[in-house]
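The values are calculated or read from the model by the stated rules, or taken from the named source; none is laboratory data. This structure is a prediction, so every number in the text was calculated from the model and none was measured. Please note: Cβ atoms are built from the backbone with ideal geometry, for glycine as well, and neighbour counts cover all protein chains shown. Surface areas here come from the heavy atoms of the whole protein model, side chains and all, with no ligands, DNA or RNA. Shrake-Rupley method; radii C 1.70, N 1.55, O 1.52, S 1.80 Å.
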Amino acid sequence: MALWGAHRLSALKNTPTLVLPSFYQAMSCANEVVSYEIVLSITRLIKKYGKELQVVTWDILLNIIERLLQQIQTIGSHELKTIVHELLTTVEELYEQNGYHGSSERFFSLIEKCSDKRPESSVLTLISYRAHSIQPANDGWIQSLHRLMEKFFRNESRSAIRVKVLDVLSFVLSTNRQLYEEELIEGVVIPQLSQIAEDRDLHVRKLAAQLLVDLAEGCNTHHFNSLLDIIEKVASRSLACSGSAEGERELSAESMEDVKTAILGLLEILQSKLYSLPASHASRVYELLIGHLQLHYKNKYCSVIASSIRLQVFDFLLLLRADSLHRLGVPNKDGVLRFSAYSHCDMGEPEKRSASEKKPAGTVSPPAGSPAPPTQASSVRTAFLPYSPAFSVLLQCLKLETDWKVLKLVLDKMPSTLQYKVLLLTSPCSIDQLCSTLCTMVTDRLISERLRKTPDGFSRTDVQLAVVPVLTALTSYHNYLEQSRQRELVQCLETGLIYRCAKQCVVALTMCTVEMPDIMIKLLPALIVKLTHISATVTMASPMLEFLSTLVRLPHLYANFVAEQYVSVFAISLPYTNPSKFNQYIVSLAHHAIAMWFIRCRLTFRKDFVQYITKGLRSNALLPFDDTHEQSSFRARSTSLNERPKSLRAAKVAKQGPSNNSPVKELKDLSAMDAFRSRSISVSEHAVRRMHTSITTSSLGSADENAVAQADDGLKTVHLELTETCLDMMARYVFSNFSALPKRSPIAEFLLAGGRSMTWLVGNKLVTITTSGGARTQALLGLDMAERPGAAELTRSDPSLHTRQTKEAPAKLESQPSQQINRATRIRVRSISGGHALCAGPAQSLSPLVSPSESEFCGPLSSPGAPLDGLGSLRGEEPALAAPTEGEVQPGRVRAHAHPGLGRDLHPQTFR
């Protein structure tokens with residue numbers, strides 16, 4: 001007390017080193033009271049003057065503490081035991097404050113002797129101290145690590161201490177594995193962690209599994225299989241120990257955390273091992289994952305952790321891809337797909353590739369005495385990962401899965417996987433069984449009751465919406481499906497037309513028409529009728545019209561259609577011509593479908609469809625633009641389509657009469673048919689007039705309404721012109737099929753080759769004039785380009801001014817090859833509508849700006865042999881004709897025919 005107690009005397013100059021040996025001698029009697037007083041005195045000394053004590057003093061104190069620890073074992077006093085451990089804690093605090101100047105090794109050796117009685121913080125400090133000495137610079141450092149693991153991991157029950165030791169092991173492995181990986185795995189990891197699957201501490205199992213995964217991911221030696229064996233035990237522990245009772249086993253989330261860690265680690269290992277050697281490692285991990293999923297469905301695990309495990313594994317398996325060389329690959333985190341040079345989806349391709357590498361093309365066989373090449377090279381460098389095991393697990397998922405999230409993931413990603421046919425066709429994957437399972441899911445009424453963890457409002461239709469895209473992708477595998485299975489697939493899609501998945505079903509049926517024509521040709525008649533029961537909505541517009549547009553290009557499928565099927569096609573298409581319900585693309589596509597199907601149907605049916613289509617257009621396409629007081633006038637105009645067959649028959653009889661050889665009579669007949677055209681397809685003019693009248697009326701009420709009407713004016717005109725085009729098309733093709741553009745003869749092609757061409761808009765016709773001004777033609781005719789240098793410029797400025805009276809003399813081209821002939825222009829006139837016969841007279845004119853009246857083009861000809869005097873200018877002026885020079889002969893020909901557009905063909909007529 002006088003030296004360092006509460007009543008310390010400053011006159012005493014003795015140090016603690018002189019007194020402490022006496023304390024040590026006094027403890028030889030093992031008296032509880034003496035030992036208790038000594039502990040109190042030493043504790044007071046360390047707390048007050050611990051930072052000032054020297055090494056010698058600490059040696060004596062450590063001797064005393066060591067003897068106190070021995071007396072605790074013999075005396076058994078609880079008070080003495082408590083106060084001794086408080087003394088050790090005081091020294092530890094001084095050590096952490098860097099105030100301890102004694103031997104650290106000796107002090108922590110004392111702590112280690114009583115570590116089982118020490119608190120966790122004390123043992124953690126001890127482990128941290130031991131970890132600093134575990135390094136390659138110290139002799140026996142691997143053995144020290146092994147002893148540390150043996151004492152504080154394998155023989156320790158406190159979780160915090162064991163986790164700390166695992167952290168030390170992980171740190172040592174990360175810093176020294178490149179040089180001492182095999183020694184550490186053989187001497188520490190495998191002996192200490194081989195039985196980790198039986199450990200009762202979940203947190204320790206999870207951390208140990210993660211450590212093993214990280215170690216195995218970078219291990220390329222034979223120890224990889226040993227590590228994988230341990231991971232396999234961890235992954236199957238919860239599944240194997242769950243018992244064999246019937247029914248579903250609801251495992252808690254905590255009991256499978258280590259399993260999830262192991263499985264997710266295996267996924268990371270497989271993704272890295274696909275691109276590294278030896279390739280057998282990837283094959284082993286792949287088999288473990290497939291086997292684990294099979295245990296899930298065998299034991300019917302449905303916990304949250306089990307579902308999340310299946311979700312992750314299926315996500316990886318459905319990301320596997322294969323290229324044309326059968327190499328496997330997986331997209332990385334950035335979405336970049338890279339294929340492996342060591343892992344393949346079939347057995348034959350690696351062998352062929354290795355054989356081609358060993359023996360390049362053009363080499364000869366080795367001599368008899370040379371050694372044979374090694375046969376194990378291909379097995380070491382390549383691995384066989386068939387997709388059939390994964391495919392069988394996917395089928396089990398479709399049949400047995402109870403978690404909707406997992407099932408939806410599989411169904412959503414399966415179409416992308418089916419795009420890689422090499423992946424599935426290089427191994428025995430049962431495509432037929434997959435198709436049967438999917439069709440059962442569509443027709444199963446109780447499938448929604450099987451699924452759990454579904455969102456609110458979940459129904460059977462949600463499953464169908466996810467299944468139909470897979471069936472759509474499956475149509476490209478029709479060669480691997482039996483005929484009965486193909487028929488079942490189509491019938492299953494027909495069943496889905498009455499549900500919310502109707503859009504997807506129509507898309508799938510469109511694919512079936514292309515991929516499986518032999519099956520669809522028998523089912524199409526009934527299918528077309530069923531499609532008429534679907535309401536015309538915005539959602540169904542695009543798939544329905546695309547189905548009809550695709551089908552019309554496959555004539556062999558509807559070769560046996562009767563009137564009922566054709567009427568059904570028009571009944572499907574006509575509602576989509578309503579511009580107030582559908583956008584311009586849908587309306588245009590509907591008009592296209594109507595036109596194509598009308599042209600492709602049989603001639604005997606067309607006249608019966610005209611009235612039906614006309615009524616449909618009136619009630620859908622024109623009703624939004626039609627006024628009540630003008631509906632009757634449109635009806636009178638539109639029904640004139642039904643009168644056209646009589647006119648056509650009358651014209652046909654007239655052509656067969658005695659006057660058939662008269663060109664004037666022919667043009668008169670054509671003019672009569674043109675008059676019919678002017679009655680039947682003058683829809684747009686009246687409709688536009690009505691539209692302008694309504695817009696003018698509405699503009700008086702409000703300026704805003706006027707602006708809106710002007711904005712919609714162009715769009716309305718487009719829809720009205722579409723309707724007019726459809727009516728004109730029916731008027732053209734109702735009784736015959738012909739080409740609107742006559743084919744040029746070889747002589748005409750030769751004469752007009754290289755000539756100049758210009759086009760004018762005349763009314764609703766396009767008039768194109770082509771001149772035979774090519775150098776080859778002029779050279780053939782014997783014309784000298786240098787004689788008339790201004791002719792080319794004059795023709796270029798206004799070709800219509802060079803039209804002149806000519807005489808057709810084709811025989812003179814051969815009989816007088818050397819005769820000098822003036823530059824001639826041969827005019828070819830095309831009419832886009834073909835609705836009016838192109839007649840020429842002295843007062844007629846063509847203008848690119850102003851359209852002539854109907855009477856100008858439809859007037860009668862003076863005589864069959866009346867010459868074509870010329871084509872006038874814009875203002876009715878006399879045509880400026882270039883007079884030929886003396887002695888020159890100018891042959892010329894004017895031909896009029898239909899341009900591919902709205903009009904009909906005009907028969908060629910030669911004027912002289």
ask   = For region 474-526, what relative contact order do you get, as a whole percent, if you take Cα pairs closer than 8 Å and at least 6 residues apart?
value = 43 percent
request  = Please arrange D346, D229, D456, D608 by accessible surface area, largest first, computed with a 1.4 Å probe and ligands excluded.
outcome  = D456, D608, D229, D346
V19, V552, ranked by accessible area, largest first (probe 1.4 Å) = V19, V552
key: Derived scalar couplings ³J(HN,Hα) [region 386-400; Karplus, 6.51 cos²θ - 1.76 cosθ + 1.60; whole Hz; x for Gly, Pro]   = x, 8, 4, x, 5, 5, 5, 5, 5, 5, 4, 4, 5, 8, 10
task = Starting from the Cα gyration tensor of region 462-615, take the square roots of the eigenvalues, sort them a ≥ b ≥ c, and report rounded, prolate or oblate (rounded when a/c is under 1.5, otherwise prolate if a/b is larger than b/c, else oblate).
result = oblate
query = Leaving out ligands, DNA and RNA but keeping every protein chain, what accessible area does H222 have, in Å² rounded to the nearest 10, with a 1.4 Å probe?
reply = 120 Å²
query = If you take the Cα atoms of region 445-545, find Rg, then find the Kirkwood Rh from the mean of 1/r over all pairs, what is Rg/Rh?
reply = 0.99
message = How long are the semi-axes of the equivalent ellipsoid of region 249-324, taking √(5λ) for every eigenvalue λ of the Cα gyration tensor, in whole Å from largest down?
response = 25, 13, 11
message = Through the Karplus equation 6.51 cos²θ - 1.76 cosθ + 1.60, θ set to phi - 60°, convert the phi angles of region 505-517 into ³J(HN,Hα) values in whole Hz; use x for Gly and Pro.
response = 5, 5, 4, 5, 5, 4, 5, 5, 4, 7, 8, 10, x
query = Once a ≥ b ≥ c are taken as the square roots of the eigenvalues of the Cα gyration tensor of region 303-349, is the result rounded (a/c under 1.5), prolate (a/b larger than b/c) or oblate (a/b not larger than b/c)?
reply = oblate
ask   = How are the Cα pair distances of region 64-192 distributed, in percent, across 10 Å bins from 0?
value = 11, 39, 32, 14, 3, 0
ask   = Ignoring ligands, DNA and RNA, how do H719, H132 rank by accessible area with a 1.4 Å probe, largest first?
value = H132, H719
key: Net charge over other residues, Cβ less than 13 angstrom from the Cβ of L320 (K, R count +1; D, E count -1)   = +2
key: Cα principal axis extents for region 491-546, largest first, Å   = 31, 17, 17
inquiry  = Sort 27-39, 331-343, 428-440 by packing, meaning the average of other beta carbons within 10 Å per residue, with the highest value first.
reply    = 428-440, 27-39, 331-343
ask   = Rounded if a/c is under 1.5, else prolate if a/b beats b/c, else oblate: with a ≥ b ≥ c from the C-alpha gyration tensor eigenvalues square-rooted, which is region 77-130?
value = prolate
key: Residues with amide H under 5 Å from that of D403, placed H, sequence gap 5 or more   = R452
